[in-house]
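Some notes on the structure that comes next.
No value in this document is a laboratory result; all are computed from the given coordinates. Note that the structure is predicted; figures quoted are calculated from it, not measured. For neighbour counting, all protein chains shown are included, and Cβ atoms are generated from backbone atoms with ideal geometry for every residue, glycine included.
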Amino acid sequence: MKITPLDIQQMHFRISLRGYSKREVDHFLEDLAQTVEGFTRENQALRDKLAAAEEQLAALKKSESTLSHALVTAQAFTDDLKQAAQRDAELIMKEAELKAAELVREAQAELAGTQREIADLRKQRLMAIERLRSTLRTFERMVEVEMGDEAHADQAEKLIGG
């Protein structure tokens, strides 16, 4: 059975011949009721304080959970960003390597084409020199023939005209 301060104040004892002094008992019960009432108030204040502390603890735990979740999310986001940056860097490197290889192939093809052109020009030069020599030989023979005909004509004139 739970006793309240009001129960103590309203308590009445039976009177007996050799009983306690009514005034002392009433005074003691009054002091006891006040003490119990003080304890009850203090107990209620402590309960209220405990409830507030539990609410604060729950709020802090919720905040901790939210912060923990935010930290995990931020860490995952950071990891994703790092991986994406790494993939982008690798892709850029591969593209640069492919572009460099393409440029090297183009330069090699251009070099081979230039070398072919140089070889063709050398052949054309040699053929031009050879044609020029042939033409010069032909003119030389014609000059020789002309000179030979003139010498024959001079001899014939000398013989004829004499």
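The angle between the Cα long axis of helix 22-161 and the longest principal axis of the Cα atoms of the chain comes to about 0 degrees, rounded to the nearest 10. When shorter helices are ignored and each DSSP H run of at least 4 residues is given -39500 (n - 2.57), the per-residue value for the chain at 222 nm works out to -34000 deg cm²/dmol. Assuming charge only on the beta carbon of Lys and Arg (+1) and of Asp and Glu (-1), the dipole of the chain about its Cα centre is about 1140 debye to the nearest 20. Over the Cα atoms of segment 5-161, the radius of gyration divided by the Kirkwood radius equals 2.11; this is the Rg/Rh ratio. Database remark: amide H of Met11 closer than 5 angstrom to no amide H (H placed geometrically; neighbours at sequence offset of 5 or more, or on other chains; Pro and chain starts carry no H). Per-residue extension of 0.36 nm, minus the Cα-Cα distance of Asp7 and Arg105, leaves a gain of 24.6 nm for this segment.
Can you tally the lysine pairs in segment 5-161 where the Cα-Cα distance is under 29 Å and the two residues are eight or more apart, or on different chains?
Working: Lys49/Lys61; Lys49/Lys62; Lys82/Lys94; Lys82/Lys99.
Counting lysine pairs in segment 5-161 gives 4.
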